[in-house]
Amino acid sequence: MDDQIRLAAFDWLDKQTSIHGDVLPRELLAQGFYQKGERITLLGPQGIWKPRVMEYPLSITTIQSGIYADMHTPDGFLKYKYRGTDPNHPDNIGLRKLISLRKPLIYFLSIVKGRYLVTWPVYIINDNIKDLVFTVAVDDIKSVKQEIDKVEAEAEYYRRSYLTANIQIRVHQRSFRERVLLAYQHQCALCKLKHIELLDAAHIITDKDEEGDPIIQNGLALCKIHHAAFDNNFIGISPDYIIKIRADVLAESDGPMLRYGIQSLNNSKLILPPNRLHWPDRERLDIRYSDFLKAG
């Protein structure tokens with residue numbers, strides 16, 4: 001029953017992330033799904049979560065604080081703190097048993113309040129009782145059904161190390177997106193589209209450049225077509241928050257998407273976040289607007 005629920009939970013998450021992306025709302029995860037008449041919740045009030053009908057924990061949750069240094073071991077795996085300071089707390093015992101049983105878990109990392117980056121399967125691979133910390137490794141979904149005698153230890157180590165390291169990249173990207181979309185009230189700053197699945201956090205200055213910090217003031221909430229148009233300098237935004245369309249694009253004659261989706265935006269005002277502290281940085285906009293003018 002325990003293994004069946006884990007596999008069902010992974011399948012359910014696969015479906016949800018294919019619809020919503022890999023950052024999911026808490027209410028969806030807490031609601032969970034039904035398995036043979038039993039409701040299976042994927043997280044709860046405790047960081048180590050075991051649904052009532054399961055023998056061992058199903059998920060672990062981390063609330064992100066600060067940047068990533070305190071989240072990782074020197075060799076790149078994740079650190080997960082005990083519940084409390086008692087190594088023999090039932091939750092800690094439950095995670096400890098998963099090491100020898102090689103049972104996989106789900107890992108939730110809070111990106112912004114109420115929204116979690118979802119990763120599975122993860123495994124508890126070490127228990128540091130002295131420091132009250134477990135070591136967690138991300139693995140490939142194929143590992144769930146892999147027989148232990150078929151696993152070559154060194155290959156497993158490097159595969160898990162590589163996959164776990166990718167979490168840092170995902171956290172960086174998803175955290176920026178979630179904070180920017182929240183600041184703009186989950187709507188496109190050009191057209192007011194509110195379907196979160198169709199929204200991106202666009203950088204004003206790309207993160208490859210020195211001024212391209214992953215902060216809200218260097219971001220814009222844009223729908224995917226306006227994001228692409230902004231990145232390719234079809235659209236520019238002046239330092240006084242006026243939307244401009246490149247002259248040659250204005251002169252084109254095409255279908256309704258070009259006419260209503262892009263050309264009609266010319267000289268309109270950017271939709272700004274309610275909090276002035278989150279408004280786009282004018283100096284960064286000025287740099288980016290200069291590139292737009294050169295492109296025209």
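The values are calculated or read from the model by the stated rules, or taken from the named source; none is laboratory data. This one's a predicted model, so the numbers in the text were calculated from it and none came from an experiment. Don't worry about glycine lacking a Cβ; one is built from the backbone with ideal geometry, like all the others, and counts go over all protein chains shown.
Here are the numbers:
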read-out	value
Residue in segment 156-192 that is surrounded by the fewest Cβ atoms within 10 Å (Cβ to Cβ), counting only those that are hydrophobic (A, V, I, L, M, F, W, C) and over 21 Å from Thr17 (Cα atoms)	Cys191
Matching residues, segment 205-240, being acidic (Asp, Glu) and in a loop (DSSP other than H, G, I, E, B)	Asp207, Asp209, Glu210, Glu211, Asp213, Asp240
Residues being assigned to a loop (DSSP other than H, G, I, E, B) and small (Gly, Ala, Ser) - total across segment 72-121	3
Residue list for segment 241-296, filter: touching a helix residue (DSSP H, G or I) at 6+ places or on another chain (Cβ under 7 Å) and in a helix (DSSP H, G or I)	Val249, Leu250, Gly261, Ile262, Gln263, His278, Arg284
Considering residues of segment 66-116 that are farther than 22 Å from Ala30 by Cβ and among the acidic types (Asp, Glu) only, the residue surrounded by the fewest Cβ atoms within 10 Å (Cβ to Cβ)	Asp70
Single unsatisfied condition, Gly44 versus (1) in a helix (DSSP H, G or I); (2) of a type in the set (Gly, Ala, Ser); (3) at pLDDT 90 or above	(1)
Residue that is nearest to Val23 (Cα to Cα), among those in segment 126-138 that are of a type outside the set (Gly, Ala, Ser) and crowded, with 20+ Cβ neighbours inside 10 Å	Val138
Qualifying residue in segment 268-278 (condition: modelled with pLDDT of 95 or more, surrounded by 14 or more Cβ atoms within 10 Å (Cβ to Cβ) and on the phi > 0 side of the Ramachandran plot)	no
Filter result (touching a helix residue (DSSP H, G or I) at 6+ places or on another chain (Cβ under 9 Å) and either surrounded by fewer than 18 Cβ atoms within 10 Å (Cβ to Cβ) or farther than 25 Å from Ser18 by Cβ (or both)) within segment 194-212	Ile196, Glu197, Leu198, His203, Ile204, Ile205, Thr206, Asp207, Asp209, Glu211, Gly212
Flag if Arg83 is closer than 28 Å to Gln16 by Cα and over 24 Å from the mean Cα position of the chain (by Cα)	no
Test: residue in segment 211-221 that is more than 19 Å from Leu181 (Cα to Cα) and in contact with a His (Cβ under 7 Å, 6 or more places away or on another chain)	no
Index of the failed condition, Thr119 passing every other in (1) within 24 Å of the chain's Cα centre (by Cα); (2) loosely packed, with under 15 Cβ neighbours inside 10 Å	(2)
Residue ID - modelled with the lowest pLDDT, chosen from residues in segment 1-36 that are surrounded by 15 or more Cβ atoms within 10 Å (Cβ to Cβ) and in a strand (DSSP E or B)	Gln35
Flag for Lys142 being of a type in the set (Lys, Arg), assigned by TED's automatic domain parsing to the domain that holds Gln46 and either under 22 Å from Pro25 (Cα atoms) or at pLDDT 90 or above (or both)	no
